[in-house]
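The values are calculated or read from the model by the stated rules, or taken from the named source; none is laboratory data. Computed from a predicted structure; not experimentally measured. For neighbour counting, all protein chains shown are included, and Cβ atoms are generated from backbone atoms with ideal geometry for every residue, glycine included. For the accessible areas, the whole protein counts, side chains as well, though only heavy atoms, and no ligand, DNA or RNA atoms are used. Shrake-Rupley method; radii C 1.70, N 1.55, O 1.52, S 1.80 Å.
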Amino acid sequence: MNILMVGHSGAGKTSYMAGLYKQFGGETDGFGLWMSDSNKRDNLIHLAQGIERGYYPNGTDIASQYQFYLQFDDELLIPFNWYDYRGGALSESSKYSPDAQELLRRMNSADALIVFLDGAKITQMTDDDLEEEYDILLWAIQNTISKRSSEGTYFPISFIITKGDLYPYYDVLLNSPGLNYFMPLIKNISNSKNAAGMIGVVEVSKDGISNVFSPLIFSLYYGMHHYIKARIESMNAEIEKYNSYDPGLIDDFFVGLDHLFGGDSKTDRQLAAESMERIQEEKQKLENLEALSSGMEEILNKFVEHNMIIKF
């Protein structure tokens, strides 16, 4: 799975990533995140420790790509790539510029999108500010949704308002000019059969971390259909392979001779047994994903019930 983050410089993507990993990195009880790259892992931990002391990171302090696994109770279940888009497209004036086209390409190839809106800015923006800031982004998202509709593929989009710790109440953020600028798009997503959306406010500051898990679990829950489809195709391929084998004693006899003369052939019976083992492994993974999906749905429903996110 590929999850794409987009947002202007200073919108809070770096702080979000540090806060997310601080809360869920290496967690072995319930949901957690795991990655093998120790340098990236240590850097996220270092950034989170700085935030606890009131030092906020720069946008260049995180890598442009992370390879994670979502784990549950210490079992690695879903691999996903997390991309931080840093191109200049968001500040472009032309949809035909190379940067704008690259943003569109990345968005079209993503399984889920997270849009970061700067909570310190969106309450004060004028109409001219909004058009200059978000016009290219709005165009790219609309284009991607249209493409997904024609292909019949699904696309989850999260609108994440950062720096919620600056406001005692979130109403000013949820009714801000910045979020209202996206309302026509939000209505289109709500009416689409090939898209799902959510809005959430996150906090990552020295005073604490709040709601950072919701965009990730939303993206994975609605975006992992590609991963499940790949697992099903893998199992079906193994079933076909298994059905093609025709074990027999004469086959075993000739392979036995092959081994005597230094060969390494396997009988159809052995190949069938190995294929069945792989089928059982794939079946177990699919059963785990089904159980995981139900758990994710319960979490999302709780987020909605507690007004942590708005789903549409």
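Data table
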| quantity | calculated |
| --- | --- |
| Total charge dipole magnitude, the chain, about the Cα centre, Cβ charges on Lys, Arg, Asp, Glu only, Debye to nearest 20 | 680 debye |
| The stretch 66-111 versus the stretch 127-205: alpha-carbon centroid distance in Å | 16 Å |
| For the stretch 149-237: rounded, prolate or oblate by the Cα gyration tensor [a/c cutoff 1.5] | oblate |
| Sequence of Lys206, Lys95 from largest to smallest accessible area, 1.4 Å probe | Lys206, Lys95 |
| Between helix 13-24 and the chain: long-axis angle, C-alpha atoms, 0 to 90°, nearest 10 | 50 degrees |
| Cα gyration tensor shape of the stretch 61-180, rounded if a/c is under 1.5, else prolate or oblate by comparing a/b with b/c | oblate |
| Nearest-10 value in Å² for the accessible area of Ile279, using the 1.4 Å probe | 20 Å² |
| Rounded percent of accessible protein surface that carbon and sulfur make up, the stretch 1-134, 1.4 Å probe | 42 percent |
| Note, ³J(HN,Hα) from phi for the stretch 63-73, Karplus 6.51, -1.76, 1.60, rounded to Hz, x at Gly and Pro | 6, 7, 8, 10, 10, 10, 10, 7, 10, 9, 6 |
| Alpha-carbon Rg with Dmax, taken over the chain, Å | 23.5, 82 |
| Signed unit charges on C-beta, dipole axis of the stretch 1-148, positive-most listed residue Asn58, Gly119, Met5 | Met5 |
| Solvent exposure of the chain as accessible area per residue, Å², 1.4 Å probe | 50 Å² |
| Net charge contributed by nearby residues that have their C-beta within less than 15 Å of Gly25 (K/R +1, D/E -1) | -3 |
| Fraction of accessible area attributable to carbon and sulfur, the stretch 135-248 (%, probe 1.4 Å) | 50 percent |
| Prolate/oblate/rounded label for the stretch 74-135 (Cα gyration tensor, a/c 1.5) | oblate |
| DSSP bridge orientation in the chain - percent antiparallel, rounded to nearest 5 | 45 percent |
| Antiparallel DSSP beta bridges within the stretch 64-179, percent to nearest 5 | 60 percent |
| Beta bridges per DSSP with both ends in the stretch 1-90, % antiparallel, nearest 5 | 70 percent |
| For the stretch 290-307, Karplus couplings with θ = phi - 60° (6.51, -1.76, 1.60), whole Hz, Gly/Pro x | 4, 5, 5, 4, 5, x, 5, 4, 4, 5, 4, 4, 5, 4, 5, 4, 8, 6 |
| Under-5 Å amide H pairs with Leu33, H placed in peptide plane, nonlocal only | Gly25, Gly26, Glu27, Gln71 |
| Sequence of His46, His8 from largest to smallest accessible area, 1.4 Å probe | His46, His8 |
| Accessible area (Å², 1.4 Å probe, nearest 10) - Tyr181 | 60 Å² |
